[in-house]
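These notes concern the structure reproduced below.
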Amino acid sequence: MRVSDVISFSELGLTLSDVYESMGYRKGVEPDSQTTALVARMLADLEREVKPAYVLKTWPGKVEDHSVVIDGVVFDTPKTIGKILQGAHHFALFIITAGQAYDQWADRVKQQGDILDAFVADAIGSATVEKMGLYVKIKLDQLLKGANHSSSFCPGQYHWPISEQSKLFTLMGDDTLGVTINESYLMHPIKSVSGIIGIGETLNPKITACSLCPRVDCFRRNAEHV
Amino acid sequence: MTDLNLLYDAILNGKLEQAVEVTNQAVAEGIEPQEIINGYMIKAMEEIGLRFQNGEAFVPNLLMSARAMKGSLDILRPLLKGSNSVSMGKVVIGTVKGDLHDIGKNLVASMLEGCGFEVVNLGVDISSDKFIQAAKENKADIICMSALLTTTMNYMKDVIDALEAAGIRKDVKVMIGGAPVTEAFAKQIGADGYSENANGAVALARQLVSA
Ligand code: B12
């Protein structure tokens with residue numbers, strides 16, 4: 001199964017509050033009026049130019065020992081993640097990106113030299129990608145017609161080496177929305193996220209990467225992730 | 001007579017135009033730049049920093065204050081006497097090789113710049129060679145490294161080792177930060193300092209250059 005789409009911001013439903021949270025405001029705390037006006041203006045500007053995109057593909061697969069095995073590719077998933085994904089009979093791999101157009105827009109903002117504008121541009125980009133993660137999860141729910149799946153796990157997260165990106169990209173083949181990885185296994189455009197979701201009756205979507213992370217006071221703890 | 005408390009308020013509340021206006025008035029009246037900076041501007045930055053630390057102010061407030069501070073400093077800088085006081089110090093900053101999380105690093109850079117440091121922002125995925133080259137070229141007082149991936153934060157140690165090998169470790173202070181980094185880790189790898197946020201980073205940088 002493969003689904004991929006470029007979506008509009010209205011479809012994505014990115015809200016001002018999403019952006020505020022990504023800027024470090026606690027849920028429900030409203031920034032001062034100058035900042036709210038700035039965020040609204042920049043978001044409107046961005047919406048005209050940027051179209052975030054996702055691609056999601058599923059494969060049959062299994063967890064052997066603690067490694068996720070898909071189509072002969074053996075991921076070096078850490079024990080904890082392997083255990084959480086135990087029981088999966090299929091896996092969905094995904095790539096999400098705010099796209100080249102976002103980078104160009106953000107570069108333009110940054111070149112103008114205002115530090116607050118640059119920060120807001122960054123926060124909007126991150127919020128876009130995170131919201132896109134949620135969107136993909138909803139898409140997956142629709143496709144699976146209620147079948148159970150895990151939450152998502154990303155190479156680079158929780159002792160899962162970032163070098164494992166290369167395996168994920170190998171499996172995705174040319175189907176990467178133009179997102180590439182460099183020799184440090186980092187994705188370009190920067191505002192991109194990749195990951196894996198296990199599909200299987202016994203899996204628990206409530207066990208998230210956040211719940212594994214020891215940083216209990218993180219400002220994004222239990223934010224609604226992918 | 002200009003009321004310099006208005007400058008303090010302007011910087012605290014992040015009002016660039018007001019800060020510039022009051023600074024210009026003060027300069028016209030012949031008030032010593034150093035007195036304006038130390039007596040009012042730095043105090044305002046300290047207060048906004050405190051509010052940030054207490055959760056009463058947020059990143060945009062810090063940035064607006066830094067922007068106002070920079071506006072005033074740009075006026076005062078040419079008037080400062082002696083080369084030492086022209087800049088607080090020179091900083092080379094980057095996200096280490098293997099990582100590209102740069103929002104926090106950019107914040108640190110903006111705050112340092114706002115508070116009078118000269119900042120060379122190298123960007124992301126920066127190798128030890130690049131850090132060393134930039135430190136040499138710019139005669140940096142401080143190298144700032146940022147990492148958000150636990151898998152790549154160890155690279156900070158590689159950079160410190162490389163500075164040692166290049167024979168310039170004693171010439172430059174090393175500050176590190178990023179969400180997974182801790183004080184203990186900084187000590188362990190032989191960095192000169194760590195701060196958990198952009199506000200603390202400025203105080204730390206001041207401390208390191210005056211040490
Ligand atoms: C925003 C974000 C992103 C954005 C990137 C934005 C950007 N351009 O930087 C997006 C969504 C694109 C992203 C992607 C990825 N991310 Co990310 N991301 C985050 C997130 C949610 C917030 C980081 C942030 O901006 N914080 C806000 C700033 C203001 O805070 P800060 O960076 O900590 O900086 C402050 C302090 O640390 C300090 N500081 C920072 N640097 C320095 C330096 C010095 C010298 C000093 C003194 C202080 C200092 O001061 C700063 C300001 O106060 C973190 C989670 C987290 N809680 O940290 C994950 C996180 C860092 N990401 C993670 C991962 C794994 C990734 C991906 C590799 C996942 C994947 N496979 O797709 C990708 C890589 C993308 C790519 N292109 O290759 C993991 C890292 C796991 C780990 N423990 O190692 C985290 C922790 C999420 C998680 N829980 O799993 N990410």
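Worth a mention:
- Scope region A:158-195; condition at the interface with chain B (Cβ under 9 Å from one of its Cβ atoms) and surrounded by 15 or more Cβ atoms within 10 Å (Cβ to Cβ); matching residues: A:Tyr158, A:Trp160, A:Pro161, A:Ile162, A:Ser163, A:Ser184, A:Tyr185, A:Leu186, A:Met187, A:His188, A:Ile190
- Which listed residue, of A:Ala37, A:Ala101, A:Ala92, is farther than 17 Å from A:Ser194 by Cβ and in contact (Cβ under 8 Å) with a residue 24 or more places away in the chain: A:Ala101
- Looking only at region A:1-25, residues that are surrounded by fewer than 17 Cβ atoms within 10 Å (Cβ to Cβ), part of a loop (DSSP other than H, G, I, E, B) and without any contact (Cβ under 8 Å) to a residue 24 or more places away in the chain come to 1 in all.
Listed here are the residues, each with its yes/no results for (1) within 14 Å of chain A (Cβ to nearest Cβ); (2) within 15 Å of A:Ile115 (Cβ to Cβ).
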| residue | (1), (2) |
| --- | --- |
| B:Glu29 | no, no |
| B:Pro33 | no, no |
| B:Lys43 | no, no |
| B:Gly49 | no, no |
| B:Gln53 | yes, no |
| B:Leu62 | yes, yes |
| B:Ser65 | yes, yes |
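- The lone exception for A:Ser192 - which of (1) within 7 Å of the ligand (Cβ to nearest atom); (2) within 21 Å of A:Trp59 (Cα to Cα) it fails: (2)
- Applying the set (1) closer than 12 Å to B:Thr95 by Cα; (2) more than 13 Å from chain A (Cβ to nearest Cβ); (3) not acidic (Asp, Glu) to B:Lys157 leaves exactly one unmet item: (1).
- Among the numbered conditions (1) assigned to a helix (DSSP H, G or I); (2) touching a residue at least 12 places away in the same chain (Cβ under 8 Å); (3) surrounded by fewer than 15 Cβ atoms within 10 Å (Cβ to Cβ), the only one that B:Met1 does not meet is (1).
- Matching residues, region B:153-186, being more than 14 Å from the ligand (Cβ to nearest atom) and basic (Lys, Arg): B:Lys157, B:Arg169, B:Lys170
- Listed by first and then second residue, the pairs with beta-carbon distance under 8 Å, at least 6 apart or on different chains, first residue in region A:176-196 and more than 19 Å from A:Ala101 (Cβ to Cβ), second in a strand (DSSP E or B) and within 6 Å of the ligand (Cβ to nearest atom), are A:Ile181/A:Met187; A:Ser194/A:Met187.
- Candidates B:Leu107, B:Leu122, B:Leu73, B:Leu80 - the one that is within 17 Å of A:Gly113 (Cβ to Cβ) and away from chain A (no Cβ under 13 Å): B:Leu73
- A:Gly113 meets the conditions (1) within 10 Å of the ligand (Cβ to nearest atom); (2) surrounded by fewer than 17 Cβ atoms within 10 Å (Cβ to Cβ) in every case but one. The failed one is (1).
- Within region B:31-51, being of a type outside the set (A, V, I, L, M) and surrounded by 21 or more Cβ atoms within 10 Å (Cβ to Cβ) holds for B:Pro33, B:Tyr40, B:Gly49.
- Subset of region B:39-74 [among the small types (Gly, Ala, Ser) and in a helix (DSSP H, G or I)]: B:Gly39, B:Ala44, B:Gly49, B:Ser65, B:Ala66, B:Ala68, B:Gly71, B:Ser72
- Checked against (1) more than 9 Å from the ligand (Cβ to nearest atom); (2) under 27 Å from A:Gly24 (Cα atoms); (3) of a type in the set (A, V, I, L, M, F, W, C); (4) within 16 Å of the chain's Cα centre (by Cα), A:Phe169 meets all criteria but (2).
- Residue in region A:210-220 that is more than 8 Å from the ligand (Cβ to nearest atom) and in contact with a Gly (Cβ under 9 Å, 6 or more places away or on another chain) present: no
- When residues of region A:83-141 are limited to those that are more than 14 Å from chain B (Cβ to nearest Cβ) and in a strand (DSSP E or B), the one farthest from A:Val50 (Cα to Cα): A:His90
Where a number appears in this text, it was derived from the coordinates with a stated rule and is not lab data. Nothing here was measured: the structure is a model prediction, and the numbers come from that model. Backbone-built Cβ (ideal geometry, glycine too); neighbour counts: all protein chains shown.
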